[in-house]
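> Next up is a structure, given as structure tokens.
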Amino acid sequence: SSAALSLLGGSVAALVVWKWLGKKKIQKKMEEARRTRDEGMKKMAQAVQQFREQVPSVQTDAILSLPLLELTGRLQEGSLSPRTVLYTYLEKVSALEVTQQTNCLRHFIPECEEQLQEIQQHEEKGLLYGIPVSIKDHIGHKGHLATCGLVQCLGTVVEEDSVLVQVLKKQGAIPFAMTNVPQSLFSYDCSNLIFGQTLNPLNAQKSPGGSSGGEGALIAGGGSILGIGSDMGGSIRLPCSFCGLCGLKPTAERLRWCGCLLLSHAVPCALGPMARDVDSLALCMRALLCQEMFQLDPTVPPIPFNEEVFSSSTPLRVGYYDTDGYFPLPPCMRRAVKETSRALQAAGHQLVPFSPPRIPYVMNELFLKTLFADGGCTWLDVLKGNIVDPVLKPLVNSCKIPRLVKKLLALLLKPLLFAMISTCRSVKDMWNHHHQIQVYRSQFISQWKELQLDVVLCPVLGPAFTTGYPGKLLTAISSTMLYNILNFPAGVVPVSTVTEAEEEELKLYKGCSDDPWDQTMKQAVSGAVGMPVGVQCVALPWQEELCLRFMKEVETLSRDK
């Protein structure tokens, strides 16, 4: 027996050493990735310094303050050079106030120098001629990593530009930076253990949102004028809500989709633009929906941007609601919808109360069941070989709970665990699940058509959560998630800010039943006086131009207040 005990002790010791060595190997890979990023940042700072010595008289603030439409006009007419604009933005990014304070950058793209030379050889100036563009970590750029915040992706360099990057370059844009994301893209915070936590440039205690949080922080911090994000549950719209930006999640198939480790065809991932104003989003969509896109990817419907719909001034019939009846939002988010609906009505639009059907069913049975169809096994596999980020630990631990224990806990706790026991148990169950999503979409569209709506105005989650809190409140994303299930175009527009009075009112906030989830929500959004408050604008599938036109109307009315 002593021999058996010795053998057991030796085996345990060997396992401990093996795990320790594995962890050291992971940490070494992460350190190398950070070193590579820091070297890239140094190269960027040196290039900026060199440019400054050659051209000392650049009016940096004047260039950075130009809206995108005005900047493109100056570049097209030649009164500003692409080189000046690129280096002005690079200087802003390499400056302490954007990058080091927010940690939003994953990598500088040194090939932007080559693209700068390339666009000057073009016979025609594209719609985005000379515009520096930032892209989310997983959007493929030749010669760079697409990490998704995961260690196993650190050794695989992308061999060619993704379709979207090719089209951006064809239109004269200069991709210059790749931005940070949460580990596995599976969070609306923005933290991974390789590159760290990204912070909100408007308040360092707050998250920039996710998963396109690096984009949100870089644009809101003034380091980029146009960015490309992706959205499978709110990942464009939530950073825009948290950072006070405009962003559009198109119908997923309207633009070329991009690789993602957790893609689901039932709830497709959409790529879309993020910027400071709606006109920038429209210009980006106009540029991307071109012949080049349709030729490079025949699966993208050849539908050019409809200028007539975007520039129309016909009064709209607007459905609206300020709560989805599932996850109660803070007072300021509901106020934003009410004030915006009143302003729209005063501007001559027709407002119609609208109630989205069966949101608890959509959230628990359709959305979360899609993501956790296998009880989270695929996602846990993706995380293998990684040290799990603390933000994801509650969710990882939930996935690992035995099924019977989950059933018992689901009787006591809120829907997240219920969703995880509602897995698809067979192929037949999966087919039926996909069918149920189609049935729900049809019912939703029928209700929309019965009311003869053009668009819908509704709330978005916000204001910005304190860092770490998004991981505790996955089910709070019902406001954005709905339009991923439906695959409708949806955008966010900032319309206001949190007031002192609302911060006081928050102390009395009880949510649904003043339970631990409601209390957590209260803690997540407290301390947000002066932070942006946005609304969500929605249209039917393939009507991105109408969605943008509605967003523009909302933006104009909010600025005229």
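The values are calculated or read from the model by the stated rules, or taken from the named source; none is laboratory data. In this text, all values refer to a predicted model and were calculated from it rather than measured experimentally. Using ideal geometry, Cβ is built from the backbone for each residue, glycine included, and neighbour counts are taken over all protein chains shown. Heads up: the accessible areas ignore ligands, DNA and RNA and are worked out on the full protein's heavy atoms, side chains in. Shrake-Rupley method; radii C 1.70, N 1.55, O 1.52, S 1.80 Å.
> Along its principal axes, what span do the Cα atoms of the range 31-304 show, with the longest given first and each in whole Å?
Computed over the Cα atoms, the extents are 51, 43, 34 Å.
> Within the range 525-561, find all residues whose amide N lies under 12 Å from a label point positioned 7 Å from the Cα of residue 351 along Cα-to-beta-carbon.
Flagged as within label range: none.
> Another one. Starting from the amide H of residue 181, placed 1.01 Å from N in the peptide plane, find each other amide H under 5 Å away whose residue is 5 or more places distant or on another chain.
Residues meeting the amide H criterion: none.
> Can you list the HN-Hα couplings for the range 453-469, worked out from phi with the Karplus curve (6.51, -1.76, 1.60; θ = phi - 60°), rounded to whole Hz and with x for Gly and Pro?
7, 8, 8, 10, 10, 8, x, 10, 5, x, x, 3, 6, 5, 3, x, 6
> What value, in deg cm²/dmol to 500, does the helix sum -39500 (n - 2.57) over DSSP H runs of n ≥ 4 give at 222 nm once divided by the residues of the chain?
Taken over the chain, the calculation gives -14000 deg cm²/dmol.
> Next question. Taking 0.36 nm per residue of separation and subtracting the Cα-Cα distance, what length does fully extending residue 309 through residue 431 add?
Numbers: separation 122, 0.36 × 122 = 43.92 nm, distance 3.70 nm.
Taking 0.36 nm per residue and subtracting the Cα distance, the gain is 40.2 nm.
> Is the shape of the chain best called rounded, prolate or oblate, per the rule: a/c under 1.5 gives rounded, else a/b larger than b/c gives prolate, else oblate, with a ≥ b ≥ c the square roots of the Cα gyration tensor eigenvalues? Walk me through the numbers on the way to the answer.
Values: a/c = 1.59, a/b = 1.10, b/c = 1.45.
Here the chain falls in the oblate category.
> Another one. The range 520-561: Rg/Rh from Cα coordinates, Kirkwood Rh?
Using Cα coordinates only, the ratio equals 1.15.
> Something else: Multiplying the sequence separation of residue 397 and residue 120 by 0.36 nm and subtracting their Cα-Cα distance, what value in nm do you get?
The residue 397-residue 120 span can extend by a further 94.4 nm.
> Considering all projection directions equally, how large on average is the shadow of the alpha-carbon convex hull of the range 269-393, in square nanometres?
Result: 12.6 nm².
> Using the C-alpha gyration tensor of the range 313-358, what are the square roots of 5 times its eigenvalues, in whole angstrom, with the largest one first? Could the numbers behind the result be given before it?
Working: eigenvalues 94, 37, 6 Å².
Taking √(5λ) for each Cα gyration eigenvalue gives 22, 14, 5 Å.
> Please report the antiparallel percentage of DSSP beta bridges with both residues in the chain, rounded to the nearest 5.
Working: 30 of 44 bridges.
Counting only bridges with both partners in the chain, antiparallel ones make up about 70 percent.
> Hey, can you find the accessible area per residue of the range 31-304 for me, probe 1.4 Å, expressed in square angstrom?
34 Å²
> Another question, if that's okay. How much accessible area per residue does the range 478-561 have, in Å², with a 1.4 Å probe?
On the way: 2950 Å² over 84 residues.
Computed with neighbouring chains in place, this is 35 Å² per residue.
> A follow-up question, please. Return the long-range amide H neighbours of residue 495 (sequence gap of 5 or more, or a different chain), with a cut-off of under 5 Å between placed amide H atoms.
Under 5 Å from the amide H of residue 495 lie the amide H atoms of 533, 534, 535, each far enough along the sequence or on another chain.
> Sticking with this structure for a sec: Could you work out how far the C-alpha centroid of the range 470-523 sits from that of the range 528-553, in angstrom?
17 Å
> How much length would be gained if the chain were fully extended between residue 381 and residue 438, taking 0.36 nm per residue of separation minus their Cα-Cα distance, in nm to one decimal?
Roughly 17.7 nm would be gained on extension.
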